[in-house]
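The values are calculated or read from the model by the stated rules, or taken from the named source; none is laboratory data. All values derive from a computational prediction rather than experimental measurement. Here the Cβ positions follow ideal geometry from the backbone for every residue, glycine too, while neighbour counts run over all protein chains shown.
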Amino acid sequence: MCINAIRPSAGLDKKSLLTAMESATSMVLHAAIYTNFAHSEVGNLIRRKLLDGSLHRLDIIELQPDLYWRDEFVAILRPNMTKDEVILMFAESKRWSEALSFDFPKQVNQVLTQALPLQPIMLIGDCLFVGQYAHSRLVSAQGLWLQIECSLMGLQPGELQSWYQQGLPAEVSGDWQQVISRYVDECRQAAQFSSATTPSTSKY
């Protein structure tokens, strides 16, 4: 393992995220809610890259919480807000991703899911960003985040995105490659747990 391949940060390092996004041609967002992106440098950069064609594919895994666990997850996601306020944020987040999907139908794939969220994950080109959800008064953006440069961990350039788009190989060799494959598998399985094919019990 390259010592520089994994970089921890106290909170999501937005500068590093923007840097990774600048050079990425494919991205997968699996972070439950995207209101922080909608009106920020991140959202502006995504739209600019879609407009100029440098972002070929954007997959947004959009959460529609199941009533069985919705209230608990809402309290985890935004502990200092009311349930109704967070539900409005889900609606705003959905409008943002729907607008991107409508404006750029050939590049943006919006997937609605009711899979239980386990951790926020973003596959940005060859770079993996992963945080954690917790029962805490602090939100996930303030917790521990890891930035993993997958091309320095044994993956070939483009392989991270290929694993998501085409599926994981039957056998993944190497301990660190297996570590990375678990994050990709989480994204793939959440995307396949589509609320479009599951009776929805969530209500906005």
Fill in: All positions within the range 51-74 that are farther than 17 Å from Cys127 by Cβ, surrounded by 15 or more Cβ atoms within 10 Å (Cβ to Cβ) and among the hydrophobic types (A, V, I, L, M, F, W, C)
Ile60, Ile61, Leu63, Phe73, Val74
Worksheet entry | the range 170-204: number of residues that are of a type outside the set (Lys, Arg) and modelled with pLDDT under 90 | 17
Worksheet entry | Matching residues, the range 10-28, being buried (at least 16 other Cβ atoms within 10 Å of the Cβ) and either more than 14 Å from Leu123 (Cβ to Cβ) or touching a His at 6+ places or on another chain (Cβ under 9 Å) (or both) | Leu12, Asp13, Ser16, Ser26
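Yes/no matrix, rows are residues, columns are (1) in contact (Cβ under 8 Å) with a residue 12 or more places away in the chain; (2) under 15 Å from Asn36 (Cβ atoms); (3) buried (at least 21 other Cβ atoms within 10 Å of the Cβ); (4) in contact with a Cys (Cβ under 8 Å, 6 or more places away or on another chain):
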residue: Pro120; (1), (2), (3), (4): yes, yes, yes, no
residue: Val130; (1), (2), (3), (4): yes, no, no, no
residue: Ala134; (1), (2), (3), (4): yes, no, no, no
residue: Val139; (1), (2), (3), (4): yes, yes, no, no
residue: Leu146; (1), (2), (3), (4): yes, no, no, no
residue: Ser151; (1), (2), (3), (4): yes, no, no, no
residue: Leu155; (1), (2), (3), (4): yes, no, yes, no
Worksheet entry | Among the candidates Trp96, Trp163, residue that is at pLDDT 95 or above, touching a Phe, Trp or Tyr at 6+ places or on another chain (Cβ under 7 Å) and assigned to a helix (DSSP H, G or I) | Trp96
Fill in: Residue count, the range 159-183 (criterion: of a type in the set (Gly, Ala, Ser), more than 17 Å from Ile121 (Cα to Cα) and surrounded by 13 or more Cβ atoms within 10 Å (Cβ to Cβ))
1
Worksheet entry | Residue check, Glu186 among the acidic types (Asp, Glu), assigned to a helix (DSSP H, G or I) and crowded, with 17+ Cβ neighbours inside 10 Å | yes
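Residue-wise test of (1) touching an Asp or Glu at 6+ places or on another chain (Cβ under 8 Å); (2) more than 22 Å from Cys187 (Cβ to Cβ); (3) modelled with pLDDT of 95 or more; (4) not in a loop (DSSP other than H, G, I, E, B).
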{"residue": "Thr19", "(1), (2), (3), (4)": "no, no, yes, yes"}
{"residue": "Ile33", "(1), (2), (3), (4)": "no, no, no, no"}
{"residue": "Phe37", "(1), (2), (3), (4)": "no, no, no, yes"}
{"residue": "Leu50", "(1), (2), (3), (4)": "yes, no, yes, yes"}
{"residue": "Leu58", "(1), (2), (3), (4)": "no, no, yes, yes"}
{"residue": "Leu67", "(1), (2), (3), (4)": "no, yes, no, no"}
{"residue": "Phe90", "(1), (2), (3), (4)": "no, no, no, yes"}
{"residue": "Ser101", "(1), (2), (3), (4)": "no, no, yes, yes"}
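Residues in the range 29-50: is at least one exposed (fewer than 14 other Cβ atoms within 10 Å of the Cβ), out of contact with any Pro (no Cβ under 6 Å at 6 or more places or on another chain), in contact (Cβ under 8 Å) with a residue 24 or more places away in the chain and closer than 28 Å to Ile148 by Cβ?
yes
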Fill in: Cβ-Cβ under 9 Å pairs, at least 6 apart or on other chains, the range 78-106 side more than 16 Å from Ala32 (Cα to Cα) and in contact (Cβ under 8 Å) with a residue 12 or more places away in the chain, far side in a loop (DSSP other than H, G, I, E, B) and of a type in the set (A, V, I, L, M, F, W, C)
Asn80/Val139; Phe104/Leu55
